[in-house]
Every structure is written in C-alpha cells, then in structure tokens.
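Reading through the structure tokens given below for one structure.
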Amino acid sequence: MAAVTSHIYPPMDIPQILQFVDEAVNAKTGQHLNDLQRRIITGILQRQKYADVAENNGYSDKHVKKASHELVHMLSEVFGDTVKKCTLDSVLD
C-alpha cells in the first residue's frame, strides 16, 4: 500500500490556492467563498484542527464544524471528487 503524502502549504501559496478554489466555486455555483470558508481552507492546508480555526477566528467549534461539513460537500460537487478534510490537498494538486 502506497504511503499517503501530505504537506503543509507555505503561507505564500495559500492566497493562490484560495483564488483557484474561489474561481472554481464561482464558475460552478455563481457564488464566492465567504470569509469563514477561506479561513477553514487555510486552516486545513496548515493542518489546524477545527477547534484551532474556531479559536483563532472567534467562532464556536460547532459553527466551524458545520461550516466545514457544508464546505467539503460543496467542494466535492465543484471538483467532481470526494473532498474531505484529510484529502483536500490531494484534490487541489
């Protein structure tokens, strides 16, 4: 079984990734990522836990988890591939 490789994206790559994802979401849905969705994606790419994303951005854990679930469902539809917190970086590669 091949090892799954994942990496933490350098901060300079994250704005480009967010722009790419936002453009893909906009092309498919006509909407843009909101601030919380951007913060969740950034947190995922930096290997943060939802609790860390919530605490660092003034949200409750429950709110971030719910928004994250909705986000990965939307991204799965946008990219035509199952997206999960642990697979986001491989979907974006």
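Couple of notes before you dig in:
- When residues of the range 42-71 are limited to those that are surrounded by 15 or more Cβ atoms within 10 Å (Cβ to Cβ) and closer than 16 Å to residue 31 by Cβ, the one farthest from the chain's Cα centre (by Cα): 67
- The condition of being modelled with pLDDT of 95 or more and open to solvent by less than 30 Å² (accessible area, probe 1.4 Å) holds for only one of 25, 83, that being 25.
- Residue count, the range 31-41 (criterion: part of a loop (DSSP other than H, G, I, E, B) and open to solvent by less than 50 Å² (accessible area, probe 1.4 Å)): 1
The values are calculated or read from the model by the stated rules, or taken from the named source; none is laboratory data. Quick caveat, the model's predicted, so the values are computed rather than measured. Note: ideal-geometry Cβ built from the backbone for every residue, glycine included; neighbour counts use all protein chains shown. When the accessible area is computed, the model is the full protein with side chains, heavy atoms only, and any ligands, DNA or RNA have been set aside. Shrake-Rupley method; radii C 1.70, N 1.55, O 1.52, S 1.80 Å.
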